[in-house]
Number of protein chains: 2
Amino acid sequence: MAKVVQLEHGEASTGSSPGINKGISILDFILRIVAVIGTLASAIAMGTTNETLPFFTQFIQFRAQYSDLPTFTFFVIANAIVSAYLILSLVPSIFHIVRSGARTGRIALVFFDSVSLALLTAGASAAAAIVYLAHKGNAKANWFAICQQFNSFCERISGALIGSFVGIVVFILLISMSTVAVSRR
Amino acid sequence: MAKVVQLEHGEASTGSSPGINKGISILDFILRIVAVIGTLASAIAMGTTNETLPFFTQFIQFRAQYSDLPTFTFFVIANAIVSAYLILSLVPSIFHIVRSGARTGRIALVFFDSVSLALLTAGASAAAAIVYLAHKGNAKANWFAICQQFNSFCERISGALIGSFVGIVVFILLISMSTVAVSRR
């Protein structure tokens, strides 16, 4: 009796799962492209903020560029690494659409996705902390807000964060979806 | 013939998987306790850094506490939320040791684990960015290093990061292990 139940269960899952798993695989592929666009846009937006913003105060002409702050350099590197990984991961993602029962590939992707999630979040929130400081400053530490001087620089670096945060949400979805797909095989 | 293969496959997996899944579940439980200790220690180490550090410069007596910098407040909150979640997650973790075939619970844990991974990484790396700034300062933005003045404060806030980074590594392991367990059921 137990064997029959096992059998029916096995049949039911081979009957219905490939369809759902194919759907998950296609959504996985689309979300990866969304995340590539987000992280690449973030890296480029931040990385090209090396323009001269000529302000004259009493004595000095200021230039603001992203590499003035090491945190922003880390942000660009993290986003570039993650988007390179995402582009590479499109290959197994396509493979999973064709062979929706594959398990090992999905498990490997979940691991690398969670590492990428951590790397991307680290870059984005470190940059966010510095952007916040640039906007608000901190009286206790004697760090002054620099955004009233470098206005368009600040707008640019704030905007660059958006793509990364889209990427973070996408990675959480990708990990959850892959786990569902793996459980169904 | 196909049905027989399906049947044998079903039998084989119910025969070998519970052992491995039980092992994964026990390791899952241990790792969660490690992460609870790490994140709680981080939250407490940072949160109790409100001691008066009396330095006299020419005119002012300084006090340094974590809540002077909003990023550190976020760090404490993020670590507190994640450790509370981890303590709650011990219940399903124990349940998975007993019933090692459970799937839905594991999938739910993977989702909440990846959200927690993102939250914890955000808190830790935002704090790390500010700690780095406190140590090194930034000449271009006119932000001065404060660690030569607030030496023990800086040591404390640097140390508080360690527990969080242990937690991040544990979460990546937990997500990968749960996915393997779900694929074996």
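The values are calculated or read from the model by the stated rules, or taken from the named source; none is laboratory data. Treat the numbers as computed from the prediction; the structure is a model and nothing was measured. Reconstructed Cβ throughout: ideal geometry from the backbone, glycine too, with neighbour counts over all protein chains shown. Only protein heavy atoms, including side chains, enter the accessible area calculation; ligands, DNA and RNA are left aside. Shrake-Rupley method; radii C 1.70, N 1.55, O 1.52, S 1.80 Å.
On the protein heavy atoms, probe 1.4 angstrom, tell me the percent of accessible surface of the stretch A:28-185 carried by carbon and sulfur.
The nonpolar share, carbon plus sulfur, comes to 71 percent.
When each copy gets a label point 7 Å from Cα toward the beta-carbon at A:Asn142, what are the spacings between them in nm, shortest first?
Here the equivalent label points are 1.3 nm apart from this one.
How large is the translational diffusion coefficient of the stretch A:81-168 in µm² per second when you combine the Kirkwood radius over alpha carbon pairs with Stokes-Einstein at 10 °C and 1.306 mPa s? Working shown, then result.
Details: Rh = 15.5 Å.
D = 103 µm²/s.
Provide the buried accessible surface between chains B and A in square angstrom, both chains summed, 1.4 Å probe, rounded to the nearest 100.
4000
Where does the stretch B:22-184 land on Rg(C-alpha)/(2.2 N^0.38 Å)?
1.26
Label position 7 Å from Cα toward Cβ: report the copy-to-copy distances for B:Ile97 in nm, one decimal, ordered from shortest.
For B:Ile97, the other copies' label points sit at 4.4 nm, shortest first.
Amide H to amide H under 5 Å from B:Ala64: which residues, 5+ apart in sequence or cross-chain, H placed 1.01 Å off N in plane?
B:Leu53
Every other copy gets compared here: list the nm distances from the B:Ile26 label point (7 Å along Cα to Cβ) to its counterparts, shortest first, one decimal.
Output for B:Ile26: 4.5 nm, nearest copy listed first.
Mind checking the per residue accessible area of the stretch B:71-185 for me, 1.4 Å probe, whole number of Å²? Write down the numbers at each step before the final one.
Numbers: 4460 Å² over 115 residues.
Roughly 39 Å² per residue, with all protein chains present.
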